[in-house]
Each structure stands twice: as C-alpha cells, then as structure tokens.
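Peer 1: This structure is in structure tokens; I'll ask about it shortly.
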Amino acid sequence: MQAKTPEESRTILTDMVLPGETNPLNNLFGGELLARMDRAASISARRHSRRIVVTASVNHVAFNHAVPLGSVVTVEAKVSRAFKTSMEVFIDVWIEDRESGKKTKANEAIYTFVAVDATGRPIAVPEVMPETDLEKERFAAALRRKQLSLLLAGKIKPNEASELKALFD
C-alpha cells in the first residue's frame, strides 16, 4: 500500500451561515459546525483510505471565535497521520469577512476515523507522508495524542507511552 501526502486527502467545504442554523445570539450553533467538520473529515479520511470510514472519536474541538449569521464558513480537513486502521484528521475552520474578504481562522478540531470493510471490520490504511512544516508538526503530535488517549483509556501503561515520556526527558 503506497503512502499518501496530507494534500491528497485535502477536503474543503464552503457554505454560508443561514438563520435556521443560529442560536439566539445569531451565531452558528456549535453542533451545526461539528456536523460540517465531521462531513469534511469523513471525506478526507475516505480520500486517504479509499474505504468506508466511520467516526471513531472527536479528540479535540476549539470554538475560538463565534461564527455570525451570514458568514461564509470554510472547513478544511486533511489526514494528519494514519495508524494501522485509523486516521487522525485535522480540521481548520475559517470565516471570511463579508466586506474585505479577509479569512480568519475561527476554530479547529481533530477527529479520528477508522476504515472498515463491507462487513464493518477495520481494514489497513496507507501511511501518511507529511511534506510541509505544518504537516510534519501535526504528524508528530498525532502520535503523542494517540498515546495519551490510550494511556487515559488504560490500554497502555505509562512506561509504554514513549512519545509522552520524551516530552519530559
């Protein structure tokens, strides 16, 4: 199985925030943004694996800026790292100023997807070959995040979390 770059999985969804998608403050509901991020990340994971994918976890979400009614929202997703059957997908959310067109990063998230076969069993996925400095940074951090998740779930022991241990040495 040939490794792929994050760029090969890049997925961009652009849409406008409509009145039925907003809270009483006229900002996009967080759940609506989560759904948009899940769709973009799912497409990204599928592009990387060329398999059916399922959301395994939402590892991190940061709602840094409100997304006002009428905003143009762009959700960009790329696979940051692949493990045996799972893929970490990093998502950046941008809002575009209505008048200037300037794009500002509003939010980000990290999802994990698992590739499955027709019977729903996990199946191997290609490795990721990061190219840019940002892709390399996200690739390295993905292993630390995975080890932390496994450690917190009791699936590995602290001495087995080599990447986490290296942070403190």
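The values are calculated or read from the model by the stated rules, or taken from the named source; none is laboratory data. The model shown is predicted, which means the values in this text are computed figures rather than measured ones. No Cβ is skipped: glycine too gets one built from the backbone with ideal geometry, and neighbour counts run over all protein chains shown. Side chains included, ligands, DNA and RNA excluded: accessible areas come from the protein's heavy atoms. Shrake-Rupley method; radii C 1.70, N 1.55, O 1.52, S 1.80 Å.
Peer 1: Can you compute the FRET efficiency between residue 64 and residue 35 using 1/(1 + (r/R0)^6), with r the Cβ-Cβ distance and R0 = 22 Å? Round to the nearest 0.05.
Peer 2: Efficiency for this residue pair is about 0.75.
Peer 1: Just need the relative contact order of the chain here, percent rounded to a whole number, with Cα pairs under 8 Å and 6+ apart.
Peer 2: That works out to 25 percent.
Peer 1: Using bins 5 angstrom wide from zero, how does P(r) for the chain break down, in % of all Cα pairs?
Peer 2: Percent of Cα pairs in each bin: 1, 9, 16, 18, 18, 14, 11, 7, 3, 1, 0.
Peer 1: For a distance above 14 Å, tell me the whole-number percent of Cα pairs in the range 1-45 that qualify.
Peer 2: Considering the range 1-45, 59 percent of its Cα-Cα pairs are separated by more than 14 Å.
Peer 1: Still on this model: Please identify which residues in the range 69-102 have an amide N closer than 18 Å to a label point set 7 Å out from the Cα of residue 56, following the Cα→Cβ vector.
Peer 2: Flagged as within label range: 78-91.
Peer 1: Turning to a different aspect of this structure: Hey, if we sort 137, 163 by accessible area with the 1.4 Å probe, largest down, what's the order?
Peer 2: 137, 163
Peer 1: Helix 133-152: angle to the longest alpha-carbon principal axis of the chain, degrees 0 to 90, nearest 10?
Peer 2: The two axes meet at around 70 degrees.
Peer 1: Further question on the same structure: Taking the Cα-to-Cβ direction at residue 165 and at residue 132 and moving 7 Å from each Cα, how far apart do the two end points lie in nm?
Peer 2: Calculated label separation equals 3.5 nm.
Peer 1: By how many degrees, 0 to 90 and rounded to 10, does the Cα axis of helix 30-49 deviate from the longest principal axis of the chain?
Peer 2: 50 degrees
Peer 1: If you wrap a convex hull around the C-alpha atoms of the range 81-120 and split its volume per residue, what is the figure in Å³?
Peer 2: Given the Cα convex hull of the range 81-120, per-residue volume reads 88 Å³.
Peer 1: May I pose another question? So which lysines can residue 136 reach, going by Cα to Cα under 23 Å and dropping same-chain residues fewer than 8 places off?
Peer 2: Correct list for residue 136: 4, 78, 84, 105, 146, 165.
Peer 1: Over the Cα atoms of the range 1-81, each weighted equally, I'd like the Debye log10 I(q)/I(0) at q = 0.13, 0.25 Å⁻¹, rounded to two decimals.
Peer 2: For the range 1-81 at q = 0.13, 0.25 Å⁻¹, log10 I(q)/I(0) is -0.46, -1.19.
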